[in-house]
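**Q** Have a look at this one.
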Amino acid sequence: MNNDIIDKIVKTAHYMYSKDLTIGKSGNISVIDDSGEYVYITASGTNFKELVYEDVLKVKIDDLSYESTAGRIPSMETDLHIGVYKNRSDVGSVVHVHSPYATGFAFSKKRLYQQEGFGEITGEYVAEVNYYPPGSKKLAQNTAEVLKNEDAALLKNHGIIGVGKDIEEATLLCEYIEAIAKTQYITSTLNL
């Protein structure tokens, strides 16, 4: 086990909860290790406010085997995370949250415009992944496909996902997506 990776995931989970990027037992975080053979991912049904070391599992990418001293199982979105890592050698972390404004756009028919401030603008709107049930193979496959060329996406009727070279960058991107969603919501409300 890599305690440095686990420590970063635990601290990131607490930070994300404190910033209202996730509530209850929603969301998941992963980091791929330097060997590229293992992913450290939050366990299924964890509360980011109270996440502890035992809530982070080391999962072998090729066969999904894992060990858990606390009887925990990996996030239901483990296949989604692994699919992204298989498609993107430049990604070191995947962060999935249910922040209120961005998730509001994910549940609405409104599109979320890209804005200056976080790298090159690649299109008019933040990418979207069609709705598929959480934890499903279809959601994993379609998200991995969309994130081949994007660093963030709205998961329709679900939440948002961001990737980065490390956990800090992936988290910052999720914060940024939430901020532009809030700005767009405020702007549209003021323009009624």
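**Q** Treat the stretch 16-121 as a sphere of radius equal to its Kirkwood radius over Cα pairs and apply Stokes-Einstein at 4 °C in a medium of 1.567 mPa s; give the translational diffusion coefficient in µm²/s, rounded to a whole number.
**A** Values: Rh = 15.2 Å.
Estimated via Stokes-Einstein, D reaches 85 µm²/s.
**Q** In what order, largest first, do ARG72, ARG111 sit by accessible area if the probe radius is 1.4 Å? Could the numbers behind the result be given before it?
**A** Working: ARG72 60, ARG111 95 Å².
Putting ARG72, ARG111 in descending order of accessible area: ARG111, ARG72.
**Q** Ok, one more. Loop by DSSP (not H, G, I, E, B), at most 15 other beta-carbon atoms within 10 Å: where is the longest site-free stretch of the chain for GluC sites (Glu not before Pro)?
**A** 125-192
**Q** Still on this structure, please answer the following. For the stretch 111-161, what are Rg and Dmax over the alpha carbons, in angstrom?
**A** 11.2, 33
**Q** Find the Cα radius of gyration of the stretch 122-192, compare it with 2.2 N^0.38 Å by division, and give the number to two decimals. Please report the intermediate quantities before stating the final value.
**A** Details: Rg = 13.3 Å, N = 71, 2.2 N^0.38 = 11.1 Å.
Compactness ratio reported: 1.20.
**Q** Straight-line reach from LYS137: which lysines have Cα under 20 Å away, leaving out those fewer than 8 places along the same chain?
**A** Cα-Cα hits under 20 Å: LYS60, LYS86, LYS148, LYS156.
**Q** Another one. On average over all directions, what projected area in square nanometres does the stretch 74-139 have, based on the convex hull of its Cα atoms? Display every interim value, and only then the final one.
**A** Working: hull surface 22.5 nm².
Average projection, Cα convex hull of the stretch 74-139: 5.6 nm².
**Q** Give the aspartates and glutamates reachable from LYS109 as a straight Cα distance under 20 Å; neighbours fewer than 8 places away on the same chain don't count.
**A** Qualifying aspartates and glutamates at Cα under 20 Å: GLU124, GLU128, GLU178.
**Q** Rounded to the nearest 20 Debye, what is the dipole magnitude of the stretch 1-121 about its Cα centre when Lys and Arg each give +1 and Asp and Glu each give -1 at the C-beta? Write out the running numbers ahead of the final one.
**A** Values: 13 positive and 17 negative charges, 132 e Å.
In total the dipole reaches around 640 debye.
**Q** Can you give me the C-alpha center-to-center distance between the stretch 1-43 and the stretch 121-151, rounded to a whole angstrom?
**A** Comparing the Cα centres of the stretch 1-43 and the stretch 121-151, I get a distance of 20 Å.
**Q** When we measure straight from the Cα of LYS25, which lysines land under 17 angstrom away, once same-chain ones fewer than 8 places off are left out?
**A** Straight-distance partners of LYS25: LYS11, LYS49.
**Q** Stick to the Cα atoms of the stretch 67-107, pair each with every other, and give me the Kirkwood hydrodynamic radius in Å at one decimal.
**A** Values: mean 1/r = 0.0793 Å⁻¹.
Result for the stretch 67-107 stands at 12.6 Å.
**Q** Further question: Report, to the nearest whole %, how much of the accessible area of the stretch 49-115 belongs to carbon and sulfur atoms, 1.4 Å probe, protein only.
**A** On the way: 1770 of 3500 Å².
Solvent-exposed carbon and sulfur of the stretch 49-115 make up 51 percent of the total.
**Q** While we're here: Can you give the accessible area per residue of the stretch 1-126, in Å², using a 1.4 Å probe?
**A** Values: 6590 Å² over 126 residues.
Each residue of the stretch 1-126 exposes 52 Å² on average to a 1.4 Å probe.
**Q** Working from the pairwise distances between different alpha carbons, so that the mean of 1/r is found and then inverted, what is the chain's Kirkwood radius in Å?
**A** Values: mean 1/r = 0.0606 Å⁻¹.
After inverting the pairwise mean of 1/r, the radius is 16.5 Å.
The values are calculated or read from the model by the stated rules, or taken from the named source; none is laboratory data. Remember, it's a predicted structure, so these values are computed and weren't measured experimentally. Virtual Cβ from ideal backbone geometry, glycine too; neighbours counted across all protein chains shown. Protein only, heavy atoms only, side chains kept; ligands, DNA and RNA dropped before computing areas. Shrake-Rupley method; radii C 1.70, N 1.55, O 1.52, S 1.80 Å.
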